Amino acid sequence: MNKVGYVFDPIYLQHDTGYHVENASRLTSTMNYLEKTGLLSELVSVKARAATVSEIAAVHERGYISYVEYVCHKGGAWLDADTVVSGKTYGAALYAAGGVLTAVDAVVKGELDSAFALVRPPGHHATFDQSMGFCIFNNIAVAAKYALAEYKFERIAIIDFDVHHGNGTQEAFYSDPRVLYVSTHQFPHYPGTGRVEDTGTGEGKGTTLNIPMPVGCGDAQFNEVFNQLITPAVSRYHPQVILVSAGYDPHWADELAQMQMTTTGFAGTVKMIKQLADELCGGKLVFTLEGGYNLEALSTSIKATFDVLLGKPAIEDVLGPSKRNLPVPDISLLINQVKKVHKL
């Protein structure tokens, strides 16, 4: 069986957001479920560490980092309309980014086949100099910058299947040909970025692949997008490692969006990503948690992700097919548009 690791540290629960939708119960419910189902004993625990200020500063302005530390030291506040911090958030945020770094180390060094960093606060909206959308530091962007510097990689692919576009991750690598950023996201939806035409700039032209999907997309549409767009694009790029921003808010039970993915659908997505990693980069694959706010959908979908990474054939989907009954959109025009723009 594949050797799969997970990162979790109790410090992630100290990022106290009160009744905010992004709260500590996202991780406590997930860890409890993994424990209850016996899955945790099949995984390798990877110890997190704090990312250094220099590692964070590869993505974020030092003045912004200092500002977050200052606000937390003063007891916390709202950094923006969506993002709240508490007295211990700064430490949790350093460990969230650092947790992804230790996952990268374990996979790249061959200690694990793959790993999933179960961290919070999430990261993919955080830009160079500001928090956004519940995100403080951009964990996956920090990890990609670290992998480029530490392991001298020339090609890293980031696949982001959160329901919201990872505007911060896109910004971090928009002109960098060493990172292929691929995003599926509901559109139009927060934060309003991620158009098909946004493909990168300068030397990075063509290494940003946005797939803005209409309301109501479910397993079949995501499967089609992966088969026709993501698989050929990532295969052509031939990355040396694949990083994944795993957001489970496209699930039909998640109230922050209007998609119709199922737990079975997420398992299918992870299976396709794993197959790409196996074929292209010796299986080197690191996931980090982004969104997902229905606790049952989140915990069961994360378990399904681990089941796929472990190579298990059976997936348990306790929530079943979508009960939303939204019209299923035709995405053929979108697929043709993306194919034309990216010459796929």
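Go through the residues of segment 74-96 one by one and say whether even a single one is modelled with pLDDT of 95 or more, part of a helix (DSSP H, G or I), under 19 Å from the mean Cα position of the chain (by Cα) and closer than 18 Å to I302 by Cβ. Yes, that holds for at least one residue.
Against the definition (of a type in the set (S, T, Y) and not in a helix (DSSP H, G or I)), how does T169 come out, yes or no? No. So which helices (runs of 4 or more DSSP H) are wholly in segment 230-344 and hold at least 1 residues that are polar (S, T, N, Q) and closer than 15 Å to D219 by Cβ? In segment 230-344, the matching helices (runs of 4 or more DSSP H) lie at 263-280, 295-310.
Considering only segment 19-38, I want to know if a residue exists there that is at pLDDT below 95 and of a type outside the set (D, E, K, R). Yes, because at least one residue in segment 19-38 is at pLDDT below 95 and of a type outside the set (D, E, K, R). Count of segment 235-260 residues, restricted to those that are under 19 Å from N336 (Cβ atoms) and within 18 Å of the chain's Cα centre (by Cα), is 0. So, F137, is that one surrounded by fewer than 19 Cβ atoms within 10 Å (Cβ to Cβ) and assigned to a loop (DSSP other than H, G, I, E, B) or not? So F137 does not fit the description; no.
Taking the condition farther than 28 Å from I156 by Cβ and crowded, with 22+ Cβ neighbours inside 10 Å, does T288 pass? No. Of all the criteria given as (1) surrounded by fewer than 20 Cβ atoms within 10 Å (Cβ to Cβ); (2) under 21 Å from H60 (Cα atoms), the one not satisfied by Y146 is (1). Per the conditions (1) of a type outside the set (A, V, I, L, M); (2) under 27 Å from L209 (Cβ atoms); (3) within 18 Å of the chain's Cα centre (by Cα); (4) surrounded by fewer than 24 Cβ atoms within 10 Å (Cβ to Cβ), the sole criterion not satisfied by P122 is (4). Taken together, S29, S66 contain a single residue that is out of contact with any helix residue (DSSP H, G or I) (no Cβ under 7 Å at 6 or more places or on another chain) and of a type in the set (S, T, Y), which is S66. From the set of residues in segment 51-103 that are of a type in the set (F, W, Y) and closer than 13 Å to I136 by Cα, which is surrounded by the most Cβ atoms within 10 Å (Cβ to Cβ)? Per the stated criteria, the residue is Y95. Residues in segment 149-161 that are crowded, with 24+ Cβ neighbours inside 10 Å and either of a type in the set (A, V, I, L, M) or under 20 Å from F128 (Cα atoms) (or both): I156, A157, I158, I159, D160.
For (1) more than 19 Å from the chain's Cα centre (by Cα); (2) part of a helix (DSSP H, G or I), each residue gets a yes or a no:
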residue	(1), (2)
Y6	no, no
I11	yes, yes
Y19	yes, no
E35	yes, yes
S41	yes, yes
H60	no, no
V68	yes, yes
C72	yes, yes
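Conditions tested, residue by residue: (1) out of contact with any Gly (no Cβ under 9 Å at 6 or more places or on another chain); (2) crowded, with 24+ Cβ neighbours inside 10 Å; (3) closer than 30 Å to G98 by Cα.
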| residue | (1), (2), (3) |
| --- | --- |
| V234 | yes, yes, yes |
| Q258 | no, no, no |
| Q275 | yes, no, yes |
| G292 | no, yes, yes |
| S322 | no, no, no |
| L326 | no, no, no |
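Taking every residue in segment 111-140 that is in contact (Cβ under 8 Å) with a residue 24 or more places away in the chain and pairing it with any residue that is acidic (D, E) and part of a strand (DSSP E or B), at least 6 positions away or on another chain, the pairs with Cβ-Cβ distances below 9 Å are H124/D160; I140/D160. Checking the structure you have, find out if any residue of segment 277-294 is closer than 21 Å to L27 by Cβ, in contact with a Phe, Trp or Tyr (Cβ under 7 Å, 6 or more places away or on another chain), charged (D, E, K, R) and touching a residue at least 60 places away in the same chain (Cβ under 8 Å). Among the residues of segment 277-294, not one is closer than 21 Å to L27 by Cβ, in contact with a Phe, Trp or Tyr (Cβ under 7 Å, 6 or more places away or on another chain), charged (D, E, K, R) and touching a residue at least 60 places away in the same chain (Cβ under 8 Å), which makes the answer no.
The values are calculated or read from the model by the stated rules, or taken from the named source; none is laboratory data. Just so we're clear, the structure is a prediction, and the values are computed from it rather than from any experiment. All Cβ positions, glycine included, derive from the backbone under ideal geometry; neighbour counts span all protein chains shown.
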